1. Does the stretch 202-292 come out rounded, prolate or oblate, given a ≥ b ≥ c as the square roots of the eigenvalues of its C-alpha gyration tensor, rounded meaning a/c under 1.5 and, failing that, prolate meaning a/b above b/c?
2. Hey, got the dipole for the stretch 336-412? About the Cα centre, +1 on K and R Cβ, -1 on D and E Cβ, debye to the nearest 20?
3. Counting pairs of alpha carbon atoms under 8 Å apart in space and at least six apart in sequence, what relative contact order in percent does the chain give?
4. Scan around Leu171 for amide H atoms under 5 Å from its own, H built in the peptide plane at 1.01 Å from N, and keep only partners 5 or more places away or cross-chain.
5. Chymotrypsin sites (Phe, Trp or Tyr not before Pro) within the stretch 1-69: which are DSSP loop residues with at most 10 other Cβ atoms inside 10 Å?
6. Around Glu384, with a cut-off of 13 angstrom between Cβ atoms, what is the net charge of the other residues, counting Lys and Arg +1 and Asp and Glu -1?
7. Karplus couplings for the stretch 206-219 from phi (6.51 cos²θ - 1.76 cosθ + 1.60, θ = phi - 60°), rounded to Hz, Gly and Pro as x?
8. With an 8 Å cut-off on Cα pairs and a minimum separation of 6 or more residues, tell me the relative contact order of the stretch 158-272 in percent.
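What follows is calculated from the coordinates using simple rules that are stated; it is not laboratory data. All figures in this text were calculated on a predicted structure; none of them were measured in a lab. As a convention, Cβ positions derive from the backbone with ideal geometry for all residues, glycine included, and neighbour counts pool all protein chains shown.
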Amino acid sequence: MSKTPSKTPQAIRGTQDIFGPDAEAFAFVVETFERVRKLYRFRRVEMPVFEKTEVFSRAIGETTDVVSKEMYSFDDRGGESLTLRPEFTAGIARAYLTNGWQQHAPLKVATHGPLFRYERPQKGRYRQFHQIDAEIIGAAEPQADVELLAMADQLLKELDIDGVTLHLNTLGDGDSRDAWRAALVEHFRAVKDELSDDSQERLEKNPLRILDSKDRRDQRFVADAPKIDQFLSDDARAFFDAVTSGLDAAGVKWTRAESLVRGLDYYRHTAFEFIPDEGSEAASRLGSQSTILGGGRYDGLMESLGGAPTPAVGWAAGIERLAMLVGDKGEANADVIVVVENDSLISSAITAIGKLRGSGMTADLLASGSPRKRFDKASKMGAENLVSFAVHDGAESIRVRGPNQAEIDRILS
């Protein structure tokens with residue numbers, strides 16, 4: 001008695017199979033990022049997809065949503081808790097400390113690949129998603145922030161993404177931030193019962209996060225909340241002035257965003273996001289998921305992983321979101337189609353297409369279906385040039401048609 005075939009397993013919710021124009025747009029983002037990071041002399045790094053759970057819990061923070069609600073963690077066969085990486089920075093920081101990369105400081109590195117977070121899937125957001133990432137570690141100067149932001153700005157221009165503005169803020173140095181935090185707690189504590197549930201919970205743990213709340217109950221109190229500029233030390237103010245003047249010199253347009261924050265304690269000074277302008281095509285394509293690239297300076301992170309105080313700044317961007325903005329990047333037609341009109345000539349055609357590809361031409365081999373219909377089929381495939389292998393009067397015949405006929409004849413001769 002035969003078994004009934006089982007139902008085909010479906011893709012896991014929040015994952016995606018990328019094909020066709022979507023895959024071409026994805027590849028275009030990655031290829032452009034690789035080209036730009038080489039222009040800026042960022043060194044390529046490859047990181048493990050999983051780390052010890054403590055790498056993320058210590059670096060990101062136990063009280064964050066990422067660690068408490070969104071990480072894919074599991075015990076391996078040895079009983080050790082491991083986690084699929086939810087972001088790049090913590091793993092890069094761990095590698096910097098454990099591999100002795102301090103000898104290369106200031107170290108400019110870049111990477112891209114899949115990340116994992118258990119959250120509700122929505123437009124442009126997945127449980128397995130992909131990011132590009134750039135970091136400068138060991139550089140305390142504001143020029144490092146400027147270079148990273150100039151790199152990000154050039155990347156978006158190279159991707160032909162228009163209608164996007166850099167939103168910029170300062171979180172001050174440690175003393176500035178502590179004073180600002182205390183003032184925010186006092187301000188919001190006076191209206192605690194009128195805040196959203198999330199903001200009431202954040203009030204004591206992470207009050208800066210209330211500033212970027214989208215809940216209307218919170219927004220009316222955010223408008224008159226204390227501003228960081230009231231608490232900036234002279235050094236912190238000079239740092240931010242150096243960043244903004246550097247951006248002006250680099251031709252990077254920016255706007256001040258006083259409510260833009262990074263809630264974790266290790267963030268210092270510069271915080272930034274590239275956001276589509278209201279009414280722009282980028283905004284209409286992304287919907288509510290507005291930030292397409294973001295980051296900041298995280299001078300206190302290395303200490304959370306047991307390292308010495310180390311200045312660092314970085315950014316990341318979702319490849320899926322960028323791919324949604326670059327438009328249709330349909331697969332380009334082949335330079336050459338090699339058509340086999342007589343099956344006895346397949347070996348000759350295989351040799352020829354190898355020579356064409358070796359010379360840098362993109363090429364496809366058409367040797368399936370009815371031999372009599374192959375040439376007509378190839379003519380409709382949109383290639384600039386056709387090379388036909390046929391038999392005429394008992395002899396092998398090679399015909400080349402197209403604007404590159406002379407070059408192809410030379411390659412195949």
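1. Note, shape of the stretch 202-292 comes out oblate.
2. That gives the stretch 336-412 a dipole magnitude of about 180 debye.
3. 17 percent
4. Long-range HN contacts for Leu171: His269, Thr270, Ala271.
5. Passing both the DSSP loop test and the Cβ count: Phe19.
6. -2
7. Ordered by residue, 3J(HN,Hα) equals 8, x, 4, 5, 5, 5, 9, 5, 9, 6, 4, 5, 8, 4 Hz.
8. Worked out over the stretch 158-272, it gives 49 percent.
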